[in-house]
């Protein structure tokens, strides 16, 4: 599996996949996300076939996966597993992401997927700030690999994400 840095010409394809994969309250507006491409910490990786993507924020001590999705017809083929495993290997440091608590069947399957690729759920309180104007934030869990976070590590990661990704200070 090869991960390619997205070329700007592929942004519309990424946003199309994102729109098919996430509810409005879990994604940025088109213009806001496109503007993020100018931030050197923010990257979008795609598979060679350009049917799946991962948005990644690179920080000094950890990497943060903000979004990860594939075209609906490509799901269940192992592409996502390969992409995540490749990204973790490329990172060489702690990788974190947000996910909904495992309450519904689909949420349990999603957490199960992340567990199978090496992520663990951290049981500290985490609230994802609003991703766009007029939409509420929501309570999520922070998952990490290769291991659980200490409370101090969690707080540092949360604060870094809030400041750099959501532009919120606590």
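The values are calculated or read from the model by the stated rules, or taken from the named source; none is laboratory data. These numbers come from a predicted model, not from an experiment. Every residue, glycine as well, gets a Cβ built from its backbone with ideal geometry; the counts of neighbours run over all protein chains shown.
Surrounded by 13 or more Cβ atoms within 10 Å (Cβ to Cβ) and touching a helix residue (DSSP H, G or I) at 6+ places or on another chain (Cβ under 9 Å): which single residue out of 143, 87 fits that description? Outline the logic, then answer.
Numbers: 87 fails: touching a helix residue (DSSP H, G or I) at 6+ places or on another chain (Cβ under 9 Å).
So the residue among 143, 87 that is surrounded by 13 or more Cβ atoms within 10 Å (Cβ to Cβ) and touching a helix residue (DSSP H, G or I) at 6+ places or on another chain (Cβ under 9 Å) is 143.
Kindly establish whether residue 60 is farther than 24 Å from residue 133 by Cβ, in contact with a helix residue (DSSP H, G or I) (Cβ under 9 Å, 6 or more places away or on another chain), loosely packed, with under 14 Cβ neighbours inside 10 Å and without any contact (Cβ under 8 Å) to a residue 12 or more places away in the chain. Break it down stepwise before answering.
On the way: farther than 24 Å from residue 133 by Cβ: yes; in contact with a helix residue (DSSP H, G or I) (Cβ under 9 Å, 6 or more places away or on another chain): yes; loosely packed, with under 14 Cβ neighbours inside 10 Å: yes; without any contact (Cβ under 8 Å) to a residue 12 or more places away in the chain: yes.
Yes; evaluated as a whole, the condition is true for this residue.
Is it true that residue 51 is in contact (Cβ under 8 Å) with a residue 60 or more places away in the chain, over 14 Å from the mean Cα position of the chain (by Cα) and within 21 Å of residue 11 (Cβ to Cβ)? Explain how you work it out, then say what you get.
Values: in contact (Cβ under 8 Å) with a residue 60 or more places away in the chain: no; over 14 Å from the mean Cα position of the chain (by Cα): yes; within 21 Å of residue 11 (Cβ to Cβ): yes.
When the stated conditions are applied, residue 51 does not pass them.
Can you spot a residue in the range 122-140 that is in a loop (DSSP other than H, G, I, E, B), at pLDDT 95 or above and either touching a helix residue (DSSP H, G or I) at 6+ places or on another chain (Cβ under 8 Å) or surrounded by 12 or more Cβ atoms within 10 Å (Cβ to Cβ) (or both)? Even if it seems obvious, please write down each step before you answer.
Of the residues in the range 122-140, the ones in a loop (DSSP other than H, G, I, E, B) are 129-137.
Now drop any that are not at pLDDT 95 or above, which leaves none.
No.
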